[in-house]
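Everything on this sheet refers to the single structure shown next.
The values are calculated or read from the model by the stated rules, or taken from the named source; none is laboratory data. Source: prediction; values computed, not measured. Here Cβ is always computed from backbone atoms with ideal geometry, including for glycine, and neighbour counts include all displayed protein chains.
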Amino acid sequence: MDLSASTLILFPPLDLKTDRENGVLVFDTTLLEKQPNLPTQFLWPHEDLAYAAEHELPDPPVDLKGFLNGDQEATILAAAQIRTACLNHGFFQVVNHGVDASLVHAAHQHMDAFFQLPLSRKLSIKRKQGSLCGYSGAHADRFSSKLPWKETLSFTYKHADEPTLDVVNYIKSS
C-alpha cells in the first residue's frame, strides 16, 4: 500500500485549491464530469477492481422485522449477519427497518440537494482533521496513490428520548 504523499496533476488543468489550514488539496468534482476522459489518477489497476458479475456479495440483506418485533432468534441472526458483513466488507443492507418510505425519499432529496451545492458552500462545513463529522470530497482521506471518486457528508447521531435537531443545527451553524 502506497502511503506516500504525491502531487496531484490533472489534465487539462483544473481549478485546484489548497486548504492552507491543513494542507488538503481540493478540487471541484463537477469540473471532472465535463472532461472527455477520466484523469489517470482515478484509474485503478484491473486487479484492484471488483465486478458485480464476478464477485456478487454473498451476504443477504439484514432483515430487522423480527428484531423490531422483539423476536430473540431473529435478533441473534441479524446481529450475526451484521457482524459477518462488517468483517467481510464494512457495510450491509437493511430491509424491514420500519423507516417510512416518504422519509427515506425526503432524505435522498436532501442529500441530492446538498451534493449539488457549489464546492465553496460544501467546504464551509468541511470535516476538520481528527473529526468524523462534516463534508469530505474526492481524495481528502486517500489511503494510497490511487484516488477514490467520492464525496461524503458524515455526521453522528446520539439517540435521545426526546427528538433533537443536532444535525440540522450543525449544518445551519456552519
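Could you check how many residues of segment 84-108 are farther than 13 Å from Pro58 by Cα, surrounded by 12 or more Cβ atoms within 10 Å (Cβ to Cβ) and in contact with a strand residue (DSSP E or B) (Cβ under 7 Å, 6 or more places away or on another chain)? So the answer is 2.
Among the residues of segment 76-104, the one identified as of a type in the set (D, E, K, R) and not in a helix (DSSP H, G or I) is Asp100. For segment 54-81, give me each residue that is of a type in the set (D, E, K, R) and modelled with pLDDT of 95 or more. Listed by number, the residues that qualify are Asp63, Lys65, Asp71, Glu73. For segment 109-125, filtered to residues that are of a type in the set (A, V, I, L, M, F, W, C) and assigned to a helix (DSSP H, G or I), the residue that is surrounded by the fewest Cβ atoms within 10 Å (Cβ to Cβ) is Ala113.
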